[in-house]
1. I need the full set of residues from region 252-266 which are of a type in the set (Gly, Ala, Ser) and part of a helix (DSSP H, G or I), in order please.
2. Looking at region 314-330, can you tell me whether even one residue there is of a type in the set (Ser, Thr, Tyr) and touching a Ser or Thr at 6+ places or on another chain (Cβ under 6 Å)?
3. Would you please name the residue that is surrounded by the most Cβ atoms within 10 Å (Cβ to Cβ), looking only at residues in region 171-207 that are without any contact (Cβ under 8 Å) to a residue 24 or more places away in the chain and not in a helix (DSSP H, G or I)?
4. Which residue out of LEU132, LEU99, LEU116 is at negative phi and open to solvent by 10 Å² or more (accessible area, probe 1.4 Å)?
5. Take VAL61 and decide whether it is without any contact (Cβ under 8 Å) to a residue 60 or more places away in the chain and either within 18 Å of ALA115 (Cβ to Cβ) or not polar (S, T, N, Q) (or both).
6. Residue by residue through region 119-128, note down the ones that are open to solvent by less than 50 Å² (accessible area, probe 1.4 Å) and either farther than 17 Å from PHE359 by Cα or not aliphatic (A, V, I, L, M) (or both).
7. Sort through THR123, THR135, THR156 and tell me the only one that's under 17 Å from the mean Cα position of the chain (by Cα), farther than 24 Å from LEU277 by Cα and polar (S, T, N, Q).
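The values are calculated or read from the model by the stated rules, or taken from the named source; none is laboratory data. On a predicted model such as this, the values are computed, not experimentally measured, just so you know. Cβ coordinates were reconstructed from backbone atoms using ideal geometry, including for glycine residues, and neighbour counts include every protein chain displayed. Protein only, heavy atoms only, side chains kept; ligands, DNA and RNA dropped before computing areas. Shrake-Rupley method; radii C 1.70, N 1.55, O 1.52, S 1.80 Å.
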Amino acid sequence: MESIQLPLKQDTVALPWLGFSLCVVAYLMGGTASTLMATYLPVVVPPLLGNNASVERLGEVSAWINAVFLYGWMSGGLLFGPVADRLGRVRAMALVTGLCGLGMLATAYVPTLEALLIARFLTGAGVGGILLVSTVYMSEVWPERSRPVPLGILSTAFPVGIVATGGLVSGITNWRLAFGIGVVPVLIAVLVAVFLTESSVWQVGQRRQSIQTPGLFQAENRVNLVSGALIFGAVLIGLWGIFGWLPTWVQSLLPAGESGQTERGITMMLLGSGGILGGIASGFLVRTFGTRRTLMGTFAACIAACALLFLTNRTFSPIVYGELMLLALFFGLSQGSLSSYVPALFPAPIRATATGFCFNVGRLFTATAVLFTGVLITSLGGFSNALMLFSGAFIIAFGAIWIKSESVKE
């Protein structure tokens, strides 16, 4: 087939570093946007409910707030994949980062529960877009040989945002003031639009798309699409079914009457720290052992760490902190490894769309599962048993990666 020569604007040596820096900060803000509300939930919900703030009602409304955010995340991840494939990675990145920031700023001013749900949906849509588009962009502008390392480090920005969340919660009691941090992603969106250069891989792919690229659901891509969606979706169910409720679980271990603000803040910082270490290590492990073996070991370790945490602690003690960080370490390994694995399964012209599908189709089931956490807590006799049940999702992910070939399409 005749090669296509395009007069492309060549990426300079500094461009990957500039793109990496802005993507890292946007990714970081995604972590903060995702966990800030979960940490403040015990103080956000009661004033919005007023006289209806019973224990049962608090649990129901909190579940809806978490679920709506995940529905928004799913919608954004699915919507902005085609946007990034059609309009370019840079335009899409500016759009989703700005949306995340505006959603957070809107949260700071919500007068009612309904307004809060809308703001959280929009914030989730922005976060879903950030994690998708930044990952795809970096997978195209960074040299192939060392690509797993920066992608693994990029994934650590999300837990860095979680650490920032813990710092905010520990230092700011007014939750509305804390959500004013949404001004940061708005500023990053402007910098992305002004300073980043479009991926040359995407530009070439645009010219080749109508000539030789199979469609998303055609046979050439179908196996990888189903495999990627199953693996990532299962991980999401395990991750968010556990992660969104960890601060509340820690609160449940404390004696009645204790505020738990310090413990919840430290919990989020430790979760973030473990995730950072796992994300950094993931790139080196993938380069050394390959994606398949790294992911299999990670999923097995997630199951073991969940059992240790949720089956051995009935009251709060300092050992909980260490076990939480261990679990977060394996969570970070899974996210960093999948950030390298999934985009490489697909050709450039449909990469963002396909990656967005794999990253987000599982969020529909995740959000629905999270919505029923309250029912599981009651029927299974407490938070520990319910959260342990969610760890079973990692068994599904382990089985899916077990039967998946080591080779991926680069």
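1. SER252, GLY265
2. no
3. The extreme case among them is ILE172.
4. The conditions single out LEU99.
5. Yes: the conditions hold for VAL61.
6. ALA119, ARG120, THR123, GLY124, GLY126, GLY128
7. From the options THR123, THR135, THR156, the qualifying one is THR123.
Residues checked against (1) at pLDDT 85 or above; (2) surrounded by fewer than 19 Cβ atoms within 10 Å (Cβ to Cβ); (3) in contact with a strand residue (DSSP E or B) (Cβ under 9 Å, 6 or more places away or on another chain):
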position	(1), (2), (3)
VAL223	no, yes, no
GLY244	no, no, no
PRO247	no, no, no
LEU270	no, no, no
GLY274	no, no, no
LEU285	yes, no, no
